[in-house]
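Throughout, read-outs are computed from the coordinates displayed, never taken from laboratory work. This structure is a prediction, so every number in the text was calculated from the model and none was measured. Note: ideal-geometry Cβ built from the backbone for every residue, glycine included; neighbour counts use all protein chains shown.
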Amino acid sequence: LQGYNFPVGLLPQGVLKYDLDESTGRFHAYLEGSCSFSLEGSYQLKYKSTISGIISNNRLKNLSGISVKVLFLWLNIVEVVRDEDELEFSVGIASASFPIDNFYECPQCGCGLECVNSKGRYSYVSDISRKMKSWNEVKRAEWRTIAEIAIANVVGTEIVIED
């Protein structure tokens with residue numbers, strides 16, 4: 001990931017191996033098994049045991065094997081684009097951006113970044129992340145709006161989003 005200008009924290013701990021076709025950018029990453037966790041107590045993420053896609057500088061596309069729960073729907077994350085110090089995650093019909101600082105540490109299956117280390121303390125990045133709670137509440141509102149738009153598209157209704 002770092003060779004393509006991405007932080008290591010896009011993938012959880014426990015990647016056993018990966019293969020990469022450098023001519024096409026096609027890759028597969030293999031985890032010990034499927035993996036799920038919550039970030040900031042609000043974003044539920046799920047990784048399949050095999051994650052694949054196409055990687056190039058600042059862009060992961062045609063992703064499969066990673067999904068995010070928005071309200072009651074699991075949506076596949078299909079693309080990640082780095083734009084300076086932001087990462088934009090796309091679920092196809094909508095996207096949301098997050099600071100790259102949130103991805104400097106690999107989350108752990110089951111507990112994400114909220115795992116207690118061997119010294120009985122939370123990791124440094126998790127401590128900083130907890131301080132960003134109000135910012136993350138804004139992002140949750142964005143994901144709720146994305147889910148509302150997705151649902152409206154599926155059922156063919158028009159929605160009005162009020163401030």
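A few comments on the model shown:
- Prolate/oblate/rounded label for region 1-116 (Cα gyration tensor, a/c 1.5): rounded
- Counted residue by residue at 0.36 nm each, then reduced by the alpha carbon distance between them, the extension gain from residue 2 to residue 20 reaches 5.1 nm.
- Couplings for region 70-87, taken from phi via the Karplus curve 6.51 cos²θ - 1.76 cosθ + 1.60 with θ = phi - 60°, read 10, 6, 10, 9, 9, 10, 6, 7, 9, 7, 10, 10, 8, 10, 6, 9, 10, 10 Hz in order; Gly and Pro are left as x.
- Extension gain (nm, one decimal) between residue 30 and residue 108, 0.36 nm per residue minus Cα-Cα: 26.6 nm
- Here each label is just a point 7 Å from Cα along the line to Cβ, and for residue 13 and residue 49 those points are 2.1 nm apart.
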